[in-house]
Structures are given as structure tokens and as C-alpha cells.
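Visitor: Take a look at this one; I'll ask things after.
The values are calculated or read from the model by the stated rules, or taken from the named source; none is laboratory data. Computed from a predicted structure; not experimentally measured. Cβ placement follows ideal geometry from the backbone for every residue including glycine, while neighbour counts extend to all protein chains displayed.
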Amino acid sequence: MTDTDLRPFDTTFVTDLARQLRVDSVRCTSEAASGHASSALSAADLAAVLLSQHLRYDFDAPELPGNDRLVFSKGHASPLYYAMLRAVGVISDEELLTYRQAGSRLEGHPTPRLPWVDVATGSLGQGLPIGVGMAIANNRLNDLQGRTWVLCGDGEMAEGSMWEAFAHAQQEGLDRLTAIVDVNRLGQRGPTRYGWDTSVYQKRLEAFGWHVVVVDGHDLNQINDAFEEVKQVSDRPSAILARTVKGKGVAAIEDQSDAHGTPVPDFDSAVSELGGQTDVQVTVAVPDVPGTRPQRSSAQVELPTFEVGAEAATRDAFGEALKALGAARSDVVVLDAEVSDSTRSRFFAEAYPDRFVQCYLAEQQMIAAAVGMAKLGWTPYAATFAAFLTRAHDFIRMAAVSDADLRLVGSHAGVAIGQDGPSQMGLEDLAMMRATCGSTVLYPCDANQAAALVASMADVSGISYLRANRNKAPVIYEPGEEFPIGGSRVLRESDNDQVTLVGAGITVHEALEAARTLADKHGINARVIDMYSVKPADVDTLRKAGLDTGLIITVEDHWPHGGLGDAVLDAVAPLERPSKVAKLAVRHMPASGTPAEQLRKAGIDAECIVAAARTMLVG
């Protein structure tokens, strides 16, 4: 079946299906005594037409590359989605009624615990940006014919991330992406910004270059015609603006502000009003061509090498390693937020422009697109300044809920960047990424180490983050050395060490210089640990150092909260004889200055480390 072939439109069948979707939405929310019944009811007609007439999806093979993708950006309408799953026969009626119960796959908002859910939704404004990434993956990177359908709410049209997505989709010419906007007028606390005035949304979307169709969201024929129309559009993304009534079909809650997020007040009356429980079954069309997922090559990565004693920035090593990785693996894609010159991801862009995605200054869209690509089998790296990743924190948080594999790189970290000042200094990033569920946090101190870790990230599950420095630093490791994730390097030690200095990134070099000064001028032996893997930490090495020396000083170019120092404290706290831990970190708002001045003022340069060690050891 091609896009120009029409499935017979049986109004009676689709009407019965829409009624069942409403009844099942009421049933599961009432059984759970919670959930968004009214939000599900408003979109039931849209869902019925899409499911029975236009969606192409093999529910027996949800990972099939040729499948259409359906994203419920309006994640609180999950009862409707679960009702759809019962209608196609992949969940039972018994499971439907486990909605929101402990241990059920049918959570309050959809997550990939269900195999038919690609991404978690519920944090509004994220489904469409992710859908853009899916459409790029399928229609640009992989040249598949599948469509991406995203059900949105009108309330989330106030989110800036939605407009980042509208702009990006138009820029990419994603003609197989359709946003279905359920304009039901009401949010949680009353009317949405524009209520039922679909003309406002229409004008804005058309100004963004989208093809727009406005329909009565309860007129099945209008809805079907709209779906057919958008399938004929070949040069731009499309939006269907559907004017609907929240709580449609149940008079007690129709268009009522106080009905948001609750079951219907009278279950028996509502089910009777909707026509009673039925068992309509839908056979969904499967894609004509199954398609193939991107293949991960086992070719050897020829990483760049840097001579010991030379100076190189870890951001340069990142860019060169990324380019080398791209040569070995055709599944690697790179996303940028208009800073590829600075992060050095431009090295990849110049070599493999077809696998480079420019998101411009839209960090939320960059992360969302990476999530969409990752869920369809690609291996995305997304890079920007460490400071600017904080803008996308909610997207990173939700990526973890989606069980997405992302590789994030934050450059220009810490006060060491120098004269640019605090707006550009990532000082929260380690804490943010350590707190992300299942994350890996890496902070290399030299170029060879950075290159090795960039390559290792390609096969890391979950959210991995590498912190890259702007300025050059001495190369201390030989090319080809291995740096296992979860490891560390002891760079200096003796049998009578009195203190352990733990650094990562730029502070490793300061700690080494401090250790030399302590030994040469003060007769104090200091062990130095390069904690390049901040999470997971090398607990055994840290605990041994704590037991051996009794004093650990952590040094980090980061605020004192949630970063390197806290990672060390977490590691050594369970010891029966815990060592004393002192944290040297950035404790006052920095200003402009040279890198050396910045480190000195923050109290994390070699001289400050020496002073702290002497004070704690000899008073």
C-alpha cells in the first residue's frame, strides 16, 4: 500500500472505535482512581482515525525500522494510548485495568517499559522535538518511508522547545513529520493562552514554514481528509490543528476546568453515556518495506596521537577522535548547537557532513533530536559549552527515563577558560550529570586520555558525559594507553605518603605541581590520583589512598557541591576508619581574568593546594 492508496473509510467502524477508546480511558482511570480522563477523551477521534486508517506499524515487531513512529507528546493522555493498545490486541483488558498500579507497565505517563513506546513523555514540550530527531533519522539519515506522528496538546504550545522543534523541522524539510495538535482549550488551571483560537496557531506555524490543516477534531471525515492531505505534502512538515472539547462524550466533564487530571465523577453514568463497554479490534497496516537499522561496524578506530610533553587541549582531542570514530563507524552522528568551531565537532562535520546535524542555538532541540536518533539505532554525540547544557537539563533527565544512549560533551568548563567570564563557565555540569540516573561522567586531563575516552563512550549504555577543557595542557600519557571507565590513575605515590591529592581535568596538572613542591620544599610526600572517571568512581583506589594517608584533598574546577569532591566523599564514607577529606573548589562567583589568575583566585592552583596540605598536616 502506498501513500496514495486509500484504506476504505468506514465511518461506523471508526465511530465505534472512538467510543471504545473513550470508554476504556474512563475505565482505566476510574479503576486507578487517578489519571487524565478528560485529556484522553478530547483526542479519541483523532486517535481512532489515525490508528484505523493511516498508521503503519507492525505491533509484533515494534523495532522494525520501516514502522511509523507515534509519539504522545501529550503524555498525560496515556489512558488513550493504552486504550489504543488494547484495541490492537497487544495488551489485554485485564492489563488495561492495572493502569497506574505498582508493577504495571501502564504507568501514569508512557515509558519504554512498553515495547511500543519509543520515548518517555509527560514533561510537556519534549515529544515534538524528539519526533524531529526521529524524522531526521528515518527520512534523512536512513532514507526510510515511515512517517512520524506526534500528538501534542495546545497547552504545551507555550513551551519554547516546541518552537525550537517547529523551526528545526522546517529547516530540515521533514515532510514525513506531522504534529497533531489537540486544541481542547483547557489546561490544568483554566483556559490555555489562546483557547480555541486556532487561527493564532495557524498563522504562527505557517510563518514557520509548516503546512497547516485546521479541522473540527470530532468530525471523523474532516480528520480523515486532513490525514490524507498531509500525506501528499512533499516539501515541508505538516500540522493538523484540531479544535476539540476536553472531556468529549461525558457531559459532566465536557469543557470543565475542574475536570483536569481526574477520573469521571460518575463511572457508571459515563460508560453508559458513551455506549458501554465493547471489544472492537483494529488491524493496523504494516509498512511495505521493513527497512534496516544502522549497522555498527567493528572496524578498528585509528585514534589521533599526541606526543608526551607536548601541549594540547582536550577539546581538540575530542574533535580529532570524533572524526576518527566517524571513519570507523557509520552509525555515529554528531549534533551541534552553533558552537562546533569551539567544541571542535567541526572536524567531524567537515569529514562527514551527511551525518552532522546543525541545531543552531537550540540546546533543548539538540538533546531531543539526539534522543530520537538514539532510539532508532544511531549513536549520537551532542556537544556544546558545558554551561549551556544546563539549559537542556530536563531533556537529559527525561532521556534517562527513556533509557536512551546519549554521548554528551561539554567544553569550556570551569574558571580555567579565563577571560570570557562566568556566563561561559560550566561550574554546575558535573553535579548535574552525576545526578542523572545511570549516567557516566568523564573528565580527561590530557589529549591522549580524552581521545581514548571519546572512543569508549560509543559503546556506553545510558547517558555519558565528557568534560573537555578549552586551553592546552601538557600531555602526560602515552598514545594507546587504556583508560577503563570506572578507573583512575595513580600518578605519584610512595610507601610513606602523608596526603592524597585527587584531581580531574585541569586540576590534575596543578596537583602534580603541588606534589613536587611539597616534596622538594617541605618534605611532604603526596600521592596524586587522576580521577578521570568521576562516575563511576574508582572506589577501591580511593579507599586505599584514604586508609594509607588518612587525608584526601580534592581539587576541582567546579562548585563544591555535587562534583568531584562529593564523589570522593561518597566513595570513602563507608570506611570503618574514614579518612579526612578536604574539598578545594570554586566558592565565589568568578569574573574575567587569565586562566592562571582564575585558578589562583578560586583557590585551586598548585600554590593553593600546597598551602592547604601544609595547613592540614602541620598547622
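Visitor: Is it the case that some residue within region 445-464 is touching a helix residue (DSSP H, G or I) at 6+ places or on another chain (Cβ under 6 Å), modelled with pLDDT of 95 or more and within 30 Å of Thr615 (Cβ to Cβ)?
Guide: yes
Visitor: Restricting to region 146-203, and then to whatever is more than 27 Å from Asp68 (Cβ to Cβ) and of a type in the set (Lys, Arg), can you tell me which residue is modelled with the lowest pLDDT?
Guide: Step by step, filter region 146-203, then rank; the result is Arg189.
Visitor: Could you pull out the residue among Ala312, Ala324 that is modelled with pLDDT of 95 or more, touching a Lys or Arg at 6+ places or on another chain (Cβ under 9 Å) and either of a type in the set (Ser, Thr, Tyr) or closer than 29 Å to Phe356 by Cβ (or both)?
Guide: From the options Ala312, Ala324, the qualifying one is Ala312.
Visitor: Which of the residues that make up region 408-419 are farther than 15 Å from Gly505 by Cβ and buried (at least 24 other Cβ atoms within 10 Å of the Cβ)?
Guide: Leu408
Visitor: A further question on this structure: Would it be correct to say that Val555 is surrounded by fewer than 19 Cβ atoms within 10 Å (Cβ to Cβ) and either touching a strand residue (DSSP E or B) at 6+ places or on another chain (Cβ under 7 Å) or within 20 Å of Arg434 (Cβ to Cβ) (or both)?
Guide: no
Visitor: Moving on. Would you be able to say whether some residue in region 183-190 is assigned to a helix (DSSP H, G or I) and either in contact with a Pro (Cβ under 8 Å, 6 or more places away or on another chain) or not aliphatic (A, V, I, L, M) (or both)?
Guide: The answer is no; no qualifying residue exists.
Visitor: OK, next. Can we say Gly249 is of a type outside the set (A, V, I, L, M), assigned to a loop (DSSP other than H, G, I, E, B) and closer than 23 Å to Tyr82 by Cα?
Guide: Here the answer is yes, as Gly249 does meet what is asked.
Visitor: Turning to a different aspect of this structure: Let me confirm something: among Pro578, Pro590, which residue is modelled with pLDDT of 95 or more, in a loop (DSSP other than H, G, I, E, B), in the same structural domain as Gln498 (by TED's automatic domain parsing) and over 16 Å from Asp530 (Cα atoms)?
Guide: Every option except Pro590 fails the conditions.
Visitor: OK, next. Residues in region 602-617 that are free of Cβ contacts under 8 Å to residues at least 24 places away in the same chain and either polar (S, T, N, Q) or not in a loop (DSSP other than H, G, I, E, B) (or both): how many?
Guide: The number of residues fulfilling the criteria is 2.
Visitor: If you don't mind, there's one more thing I want to ask. For region 297-335, enumerate the residues that are of a type in the set (Phe, Trp, Tyr) and not assigned by TED's automatic domain parsing to the domain that holds Ala458.
Guide: Listed by number, the list holds a single entry, Phe306.
Visitor: Answer yes or no: is there a residue in region 101-112 that is of a type outside the set (D, E, K, R), crowded, with 20+ Cβ neighbours inside 10 Å and in contact with a strand residue (DSSP E or B) (Cβ under 7 Å, 6 or more places away or on another chain).
Guide: yes
Visitor: Follow-up. Out of curiosity, is Asp118 under 16 Å from Leu177 (Cβ atoms), at pLDDT below 95 and of a type in the set (D, E, K, R)?
Guide: Judged against the criteria, Asp118 is not a match.
Visitor: For region 536-548, indicate whether the set of residues that are in a loop (DSSP other than H, G, I, E, B), within 25 Å of Ala450 (Cα to Cα) and in contact with a helix residue (DSSP H, G or I) (Cβ under 7 Å, 6 or more places away or on another chain) is non-empty.
Guide: Looking for residues that are in a loop (DSSP other than H, G, I, E, B), within 25 Å of Ala450 (Cα to Cα) and in contact with a helix residue (DSSP H, G or I) (Cβ under 7 Å, 6 or more places away or on another chain), one finds at least one in region 536-548, hence yes.
Visitor: Could you run through region 191-221 and say how many residues are part of a helix (DSSP H, G or I) and crowded, with 18+ Cβ neighbours inside 10 Å?
Guide: 4
Visitor: Filter region 255-278 down to the residues that are free of Cβ contacts under 8 Å to residues at least 60 places away in the same chain and either closer than 15 Å to Val49 by Cβ or part of a loop (DSSP other than H, G, I, E, B) (or both) and list them by number.
Guide: Hits for region 255-278 are Pro265, Asp266.
Visitor: I've got another one for you. Could you pull out the residue among Leu512, Leu501 that is under 20 Å from Ala585 (Cβ atoms) and in a helix (DSSP H, G or I)?
Guide: Leu512
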